[in-house]
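S.K.: The structure that follows is given in the form of structure tokens.
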Amino acid sequence: MSSIFENRNAVLVTKHGKEQVIAPLLYQAFGINLTVATKVDTDLFGTFSGEVERAHNQYDTAIIKIDSARQLYPNADLLLASEGSFSPHPEAPVITVNTELIVLKNLQNDVEITAWYKTYNTNVESRKISTAKELVSFATAIDFPDNRIILKYKIEANSKLQAKKGASSINELVTMYDDCKTIAIDGIVEAETDMRACYNTLRMESIRLCAVNLVNAMQSQCYQCGTPGFSVAESKPGLPCEQCGMPTKSILYYLYKCKKCNFTTEKNTP
């Protein structure tokens, strides 16, 4: 089956190495050659370390990234952006949920495709550090340097948290910690896992799985008009309990919707 995506050139908006897992999947499925929009500084739209607060929701931020790339790459007509978030589970706050999103804009055919992926498999951790020994213990626990560490501290009680990052060895990390502790109020330093994709193996795997969902959506065509991107728009809870038959919070069916002609169909959960 032919596809409007075959043998196209695409631009991905990222500065954290997400092309490592997205590019191979797009090339294998469609022969798409992916380049990185190096002219776009995505940190301007929000950082996981908190220096820049994200002003918009996940989807809108991805669209802003794409719009920024369109201005700097006017000849590009296939653009992608990825955006991730980490939040407490609504029913079990001790569990962290990682939600990944990839948006694809096909300007040539006026098609937009979104793909989502959610997982509880994260390594979001933070710990107050009082000694270099405690820092090394924390680093070992999160599998540093495969997963990097951000150090945060305050210079004054009411000041904004400062952040230092970038250490790739234990020696560099301890030196960075010593520098932070020297200027931090009361010598208090907080260590946390760096959630930027290129510095976090679990986050990168989540993005890869989101890219798998994107490829599936790109290959899924609307039954009515044939537009690609025929994917899940809503989910309906209420799957009956196997024992008592009462509705549960598990998904009963998924609603698939075409963004072009608005055709919808329901698919029951197996």
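Quick note: the coordinates plus some simple rules give every number you see, no bench work behind them. Keep in mind the model is a prediction, meaning the values are calculated, not measured. For neighbour counting, all protein chains shown are included, and Cβ atoms are generated from backbone atoms with ideal geometry for every residue, glycine included.
S.K.: Count charges around GLN20 for me, please; just the other residues with Cβ under 15 Å from its Cβ, Lys/Arg as +1, Asp/Glu as -1.
M.R.: That works out to +1.
S.K.: From the phi of every residue in the stretch 222-233, what ³J(HN,Hα) in whole Hz does the Karplus formula 6.51 cos²θ - 1.76 cosθ + 1.60 yield, where θ is phi - 60° and glycine or proline is x?
M.R.: Values per residue, Gly and Pro as x: 4, 5, 9, 10, x, 6, x, x, 6, 9, 5, 9 Hz.
S.K.: Would you compute, for the Cα atoms of the stretch 88-142, the largest minus smallest coordinate along each principal axis and list the three values in descending order, in whole Å?
M.R.: 57, 28, 14
S.K.: Which aspartates and glutamates, if any, have their Cα less than 14 Å from the Cα of LYS39, not counting same-chain residues under 8 positions apart?
M.R.: ASP67
S.K.: Hey, another quick one. If we restrict to alpha carbons, what Rg and Dmax does the stretch 126-194 come to, in Å?
M.R.: 11.0, 34
S.K.: Which pairs break 25 Å Cα to Cα here: LYS15/LYS260; LYS105/LYS165; LYS133/LYS164; LYS118/LYS259?
M.R.: On the way: LYS15/LYS260 31 Å; LYS105/LYS165 33 Å; LYS133/LYS164 18 Å; LYS118/LYS259 22 Å.
Violating the 25 Å Cα-Cα cut-off are LYS15/LYS260; LYS105/LYS165.
S.K.: Out of [x] 21.5, 65; [y] 21.0, 70; [z] 17.6, 57, which label holds the value of Rg and Dmax of the Cα atoms in Å that was computed here?
M.R.: Looking at Rg and Dmax of the Cα atoms in Å for this model, the match is [x].
S.K.: Using just the C-alpha positions of the stretch 1-151 as equal point scatterers, what log10 of I(q)/I(0) does the Debye formula give at each q in 0.11, 0.14, 0.18 1/Å?
M.R.: With one equal scatterer per Cα and no solvent, log10 I(q)/I(0) is -0.53, -0.80, -1.14.
S.K.: Another question, then. If the convex hull of the alpha-carbon atoms of the stretch 184-245 is projected onto planes in all directions, what is the mean projected area in square nanometres?
M.R.: Numbers: hull surface 40.7 nm².
Here the figure is 10.2 nm², rounded to one decimal.
S.K.: Name the longest site-free stretch of the chain, where the excluded sites are chymotrypsin sites (Phe, Trp or Tyr not before Pro) in a DSSP loop with no more than 13 other beta-carbon atoms within 10 Å.
M.R.: In the chain, the maximal stretch lacking such sites is 1-119.
S.K.: How many nm separate the modelled label positions at ASP178 and SER126, each set 7 Å beyond the Cα in the direction of the Cβ?
M.R.: Each label point is offset 7 Å from its Cα along the Cβ direction, giving 2.7 nm.
S.K.: At a Förster radius of 51 Å, what calculated FRET efficiency corresponds to the Cβ-Cβ distance of LEU25 and ASN158, to the nearest 0.05?
M.R.: So, using R0 = 51 Å, E works out to roughly 0.65.
S.K.: Within a Cβ distance under 10 Å of VAL232, other residues only, what is the Lys/Arg minus Asp/Glu net charge? Walk me through the numbers on the way to the answer.
M.R.: Details: positive: LYS257, LYS267; negative: GLU234.
Net of charged neighbours comes to +1.
S.K.: In whole percent, what relative contact order does the stretch 129-270 give with Cα contacts below 8 Å and a gap of six or more residues? Mind showing how you got there, number by number?
M.R.: Details: 218 pairs, mean separation 22.5, N = 142.
That works out to 16 percent.
S.K.: Excluding LEU151 itself, calculate the net charge of residues whose Cβ lies under 14 Å from the Cβ of LEU151, where each Lys or Arg counts +1 and each Asp or Glu counts -1.
M.R.: Summing Lys and Arg as +1 and Asp and Glu as -1 gives -1.
S.K.: Under 8 Å for C-alpha pairs, at least 6 residues apart: give me the relative contact order for the chain, rounded to a whole percent.
M.R.: 15
S.K.: Also: For the stretch 135-142, just list the computed ³J(HN,Hα) in residue order, Karplus coefficients 6.51, -1.76 and 1.60, θ = phi - 60°, integers in Hz, with x standing in for Gly and Pro.
M.R.: For the stretch 135-142, the Karplus curve yields 5, 5, 4, 4, 4, 5, 5, 9 Hz.
S.K.: The stretch 1-65: percent of C-alpha pairs farther apart than 18 Å?
M.R.: Result for the distance tail: 47 percent.
S.K.: If you plug each phi of the stretch 71-87 into the Karplus form 6.51 cos²θ - 1.76 cosθ + 1.60 with θ = phi - 60°, what whole-Hz ³J(HN,Hα) values come out, in order, with x for Gly and Pro?
M.R.: Result, ordered by residue: 5, 8, 10, x, 8, 7, 10, 9, 10, 9, 9, 10, 8, x, 8, 10, 8 Hz.
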